[in-house]
Structure formats: C-alpha cells, structure tokens
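**Q** Take this structure, written in structure tokens, and hold onto it; I'll ask about it next.
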Amino acid sequence: MSTQEQLLENLSPEKLLQKHFGYSTFRPQQKEIIQHVIDGKDAVVLMPTGGGKSMCYQLPALMRRGLTVVISPLIALMKDQVQALQSNGIKAAYLNSSMLANEESLVKEELQKGSIKLLYVSPERLFSRNFLDYIGQLNVGLFAIDEAHCVSSWGHHFRPEYKKLSILKQVFKSVPVVALTATADRAVRGDISLLLNLNEAKYFISSFDRPNLSLAVLPGQNKWKQIEKILHRYQNKCGIIYCSSRAGTEKLAQQIHSLGFSAKAYHAGMKSDERSKTQDEFIQGNLKIVCATLAFGMGIDKSNVRFVIHHNMPGNLESYYQEVGRAGRDGQPAEAILFYSYRDVQTHLGFISKVKDQGYAKIQKAKLNRMQEYAEAQVCRRKILLSYFSELPEHDCENCDVCANPPKYFDGTKEAQMALSAVYRTEETISVSTLIDVLKGTHSTSVLEHKLETIKTFGAGKQITLFSWQLFIQQLIQQGYLEIDYKEHYNLKLNLLSRQVLFDSRSVRLVSPETIKDRQEKLKEKPKGIMNNVKVDESLFEHLKSLRKEIADKIKKPAFVVFGNASLLDMCEILPVTYDEFLNVTGVGEHKANLYAGIFTEAIKKFTSGKTQGDTYKETMPLYSS
Ligand code: ADP
Ligand code: ZN
C-alpha cells in the first residue's frame, strides 16, 4: 500500500490538530515528527516533559489506517490519556492488568470491529500469552513506545520487558515505530534505537530548556522554616513536595495542613483507591499541595503547578529534571527548590551499596555524582542541567539562584585550618557532625564518648555559627580538602591537599554564608502570579472552574477531561459567545464544542451583560443540566 492509501482523512495535519484537539499551532518539532511518522518512517523523539510528545503519535494515529498500539509502562497514565482522547471524541482504549475480564472483552469486541484508533497496553500485557499474535490480526498501522528510556539499563527506570520490544520491528516489518522519552542522557539515547532495533530511525531532539522554571538549591538545614516561607508566598496555588520516605510525606502533609493549607500525603504504602483519589483531587484543584514520595506525578498532566520542592535530593539528574518539569507546564513562572544536605548523598550511597549488580551500582554512583555536583554548584544551574542533556547554552540563565546571587568568596584559610586540624588531632576518627561539635565546643554524646573535649581545637570555632560551619565543611569536602570514608562510618580523612593547607600555608577560598543567606531571602519575595500576566477576570475564571467541576462530577471524570485551565483562561480572555468563537478557544475541538459550547457561552454571555449593566457578577450563571 502506498503512503497515500495509508492515510485516512484528507485534511492537513494543521486542520486535524484544530478539529480534534482544538489547537491552532504545533509546538516546536511536532509537525516535522508527525510528517515523518505519517510517511511510515521510524522516529525517536526526545522532548521535555510537557513538550507535547503524545501528539506525535495521536495525530498520526488519526491519519493512518489501522490501529495505533501505544506501549506505556504506567497504568495511571494510560487511563488519563485514554480519557483525554475520548473527551475529544477519539476512540481509544487500554488493556492492562487492572481490568476485569468483562471490561477486557468489551474492548476486544471494539477492536475486532476496527472502531478503536488507539490502544494503550503495558509491556507486560503485550508479552503475555498469544497477545502479539492477537495484535497481529488487528491491522496495526503504528507502534508508539512511550517512556522509551526504560529500555536502557543506563536509565533510571530500567524495565527488563522493554528490551523484548525489539521484536516488534522483526515481526511487524512494515509498521513504523515511534519511540518517545523525556529523559535521556547520551548513553540512553544511543541505546533506544539500538535496543529497539530501530536502525533507520531519525532522532528528533527538542531543547530541554524550561526557561519559565526558576531553579534554586538551598541548604537542607531548618527546612521547615524555609518551606513555611515558600507556602505563604503561594497561597491557594498548587505545588508538589517530594520527600524520600513515606513517613516523611505524612509528617510534612500534617504540618502543612495545620498551617491551614490544603495538603495530603501520597506514597506507595497507601491503598490504590486512596492514591487515585488524592491524585484526582490534586488534578481537579481541590487539593493544593501533595507531599509525595518520588513516584507521584508520573504522567499527570496538570498545567498550573507553581512549585516543586525537593525535601530530599533525588539520586540522579534525570529524576530531578523530570520531577521539577511538573511545575509550570502552562509556561507561566514556576519554581523548583531543592534542599540539599550531604546526608542525602549518604542515603543514596547506602542504597547503592546494597545493589548486587556491580555494573549497575557503578552507573548509579556516577549519576549520583552528577546530581551532587549540580546541588553544590556555584555556576549557573541551568547550564549544568542542560549540558547534562547535551545542550550547551551560551549564556547564563538569569533565572536560577546562582545567577540571581552569584557567589561572594572570602579567604577561608583560617577556618579551613581549624577544621582540618581538628580532624588531624582526632586522628581522622570523626564524622562531619562530630567535627562541628568539636569546633563549636559542644559536649555532645559523641564528643564525650571519644573524650574529645580535651583536644586542643575543642571550641576553637565557637564564635562561628553552626550554619556557617556546615557550609564551610561541605565546601571543604566539595573542593577536595576533606574526604569521607564511606566504609568507615563516614569518618573524615585528610589527604595531600589538606596537608598543604595545614603545613604549607596553601590558601582556601570559600563561599560566604551571606551568599546563601541572600539566596534564602529570595524565598520571601512574592512570585509573579499567573493572573498578573493575563488580563482575565478572576471571578469569571472561578465561575468557569466551578462549572467545569459540576460537569466533571456529573460525568464522573476528572476536571481536566472537560477542559484544562489553559482553555478556561483562554475563555476568560476571548469571551466567546457564539459556537464559532468558542471553537477558537485553545483546547476546544469540534467534539468539545458540540458538548460544551452552549453551557459555557451562556455563562460568559451572562457575565459580560452583567458587567455592562454595572452589576456585580453573582450566582446568576446557568447550571449544567444534561
Ligand atoms: P509530554 O508527554 O511531552 O509530557 P503531553 O503530550 O502530555 O506532554 O502534552 C502536554 C500538554 O500539551 C497536553 O495538555 C497537550 O494536550 C498539550 N499540547 C500538545 N500539543 C499541543 C499544541 N500543539 N498546542 C497546544 N497544546 C498542546
Ligand atoms: Zn542561571
């Protein structure tokens, strides 16, 4: 069959984008990728989270004959994607282990009829008994492999079943495959085409930069105080706080709740219905803050998350960037704040030491090193991040804590000598916290146990604050003047450099505590709110939101299935009062216009006429009735 015969609707990709999805223009790279895929060619797509990857196979699915099979490892994501497609009037379904037998046979009936355009399956499902043969009878027109980095053992989400996907290209020789991912370093990139057997695939690599996202790293001491400041700046706005432990998420959610904010915990130990309830509440905007373990947010498409806080440092930059990428998808200013303390590095090293596969452990350690370098950096953080993803920006970003408050250095030789000589006099048998006790002259258990109060340096740094000592010692480790012996209780060790400082008057340059204080002060500044940039009437926006919620409750679907916030904001700006005007709203395709134009344009009409008569706009809106 020629390419032309493979195509269904004789409309241009732009027209179809407008008709089915209600978007007037393509995002960067989308058009090229879509053209490539509808021409029947393989593609590997690297696009940051929120870049619009799904469109790269959803639109071709509508254009090509046959079924598009989407392989996705995340069951929650499948459900959302399918609901979103259905809400645009597109026939989509999923098959995974969470379904009942009768639900599954319903889907299969539809598949047999050929009425379904997109089928989402988990890799486990794909390789379950006879399933590939079954798929083989269905006239597959395209395969899309989502989260394609899972194929690489270099990746942080390696899934062994993904390697088996290489068989697709052998069995379905003429069916194009598009592999997509948001996170890929160089090694992973190479692996995707190699391991999936996509020898001829063209790579489409988008910029990973998210310029609206400001980046900051703050010391991991007194986190709660700092978090409080951040929360007060973001009254009524949505945010995610990632913690490393389940107990941590619960404690923090409770603390935040007691301040009067709406907050809940989310972790793998919760029952699955409780988890999806929390996730739904968050997506719908009834719940503002989620304190989550690292699993939260996989595949959630929520555009107005204003901040992501990392209560603990993740183990690699891929996870970190994917997690911070959940903030500011609407393109409005958003913030990513990482609390860093060396203890997090120790925790990760502890996990890595338990990994049996030595090769894998080595990779994880190398990745942890890069993450740590980022957290400790005194140069533009975005430059470090982007260079990790193989982009080389020419300029500093002016939207990270280092750019905003470049480091102020001072001659820290005296402080370094104090710390190093304390390590020397305790014969390299103490850890960071005991070293600080010694310098401050604190009679802690550990000091008393080792009788350290008698050594000469005990209390020598009394006049320097605890905060400053923590910073100084951290920097001495970073700059290589002190080493940590992981095998020996994390005790500090001296080396050639430290001896030069102690005995050869080598000088040491340290970043001043004021630099860090200045960066912390920034936490108090009011953010540029989303509403400030767009001229919309907040009362109308709130009303449209409640209208949306009413509909969502009625059809028992999450609110985003009705409209995303971007669509509601656009309605507030355009104020559409006719069907045709309603079609101009972003995210409104023909299907949604048919369903909702009446209700929303009526509401807007009432609003605008109320305004012109000088009335205050009140509960005069029509309520949804089916
Ligand atoms: P990714 O998978 O890359 O993280 P998605 O595919 O979920 O991103 O897309 C993110 C959001 O952007 C979705 O709400 C999607 O509908 C929207 N989107 C995709 N393409 C466009 C476009 N061309 N114009 C406007 N919005 C788009
Ligand atoms: Zn910067």
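Since every read-out is calculated from the coordinates, none of them should be taken as a lab result. Predicted model, so just to flag it, every value in this text is computed and none were measured. Using ideal geometry, Cβ is built from the backbone for each residue, glycine included, and neighbour counts are taken over all protein chains shown.
**Q** How large is log10 I(q)/I(0) at q = 0.10, 0.12 Å⁻¹ when the Debye formula is applied to the Cα atoms of the range 3-205, each weighted equally and without solvent?
**A** For the range 3-205 at q = 0.10, 0.12 Å⁻¹, log10 I(q)/I(0) is -0.38, -0.55.
**Q** Based only on Cα atoms, what mean projected area does the convex hull of the range 407-523 have, in nm²?
**A** For the Cα atoms of the range 407-523, the hull's average projected area reads 7.6 nm².
**Q** At what distance in nm do the modelled label points of residue 456 and residue 98 sit from each other, each positioned 7 Å from its Cα along Cα→Cβ?
**A** The two pseudo-label positions are separated by 6.6 nm.
**Q** In percent, how large is the relative contact order of the range 3-205, given Cα pairs closer than 8 Å and 6 or more residues apart?
**A** 27 percent
**Q** Figure the gain on full extension for residue 271 and residue 609 (residue separation times 0.36 nm, minus the Cα-Cα span) and round it to one decimal in nm.
**A** 116.9 nm
**Q** What residues qualify as long-range amide H neighbours of residue 217, i.e. H under 5 Å apart, gap of 5 or more or another chain, H built at 1.01 Å from N?
**A** Under 5 Å from the amide H of residue 217 lie the amide H atoms of 338, 401, each far enough along the sequence or on another chain.
**Q** So, one more: Before anything else, pin down the relative contact order of the chain: Cα pairs under 8 Å, at least 6 apart, normalised by residue count, whole percent.
**A** Reported relative contact order: 13 percent.
**Q** May I pose another question? For residue 504 and residue 433, compute 0.36 nm times the residue count separating them, minus their Cα-Cα distance, and round to one decimal in nm.
**A** Length gained between residue 504 and residue 433: 22.9 nm.
**Q** Another question, if that's okay. What's the FRET efficiency of residue 495 with residue 167 using the Cβ-Cβ distance as r and R₀ = 56 Å, to the nearest 0.05?
**A** For residue 495 and residue 167, the calculated efficiency is 0.60.
**Q** Follow-up question, since we're still on this one. Take the residue pairs 302/356; 15/79; 229/264; 15/41 and return only those whose Cα atoms are more than 29 Å apart.
**A** 302/356
**Q** Take the Cβ-Cβ distance between residue 203 and residue 15 as r, set R0 to 35 Å, and report the resulting FRET efficiency rounded to the nearest 0.05.
**A** The computed FRET efficiency comes out at 0.80.
**Q** Using modelled backbone amide H atoms (1.01 Å from N, in-plane), which distant-in-sequence or interchain residues come within less than 5 Å of residue 397's amide H?
**A** So residue 397 has HN proximity to 382, 383.
**Q** Please work out the FRET efficiency for the pair residue 425 and residue 361, using the Cβ-Cβ distance as r and a Förster radius of 51 Å; give the result to the nearest 0.05.
**A** E(calc), rounded to 0.05, equals 0.90.
**Q** Return, ordered by residue number, the residues of the range 11-38 whose backbone nitrogen is under 17 Å from a label point located 7 Å along Cα→Cβ of residue 174.
**A** Within reach of a label on residue 174, which here means backbone N under 17 Å from a point 7 Å along Cα→Cβ, the range 11-38 contributes 38.
**Q** Please give, to one decimal in nm, the separation of the simple spin-label points placed at residue 351 and residue 485, each 7 Å out from Cα toward the Cβ.
**A** So the label points at residue 351 and residue 485 sit 2.8 nm apart.
**Q** Next up: If each of residue 446 and residue 194 carries a label point 7 Å out from its Cα toward its Cβ, how far apart are those two points in nm?
**A** A separation of 4.3 nm, rounded to one decimal place.
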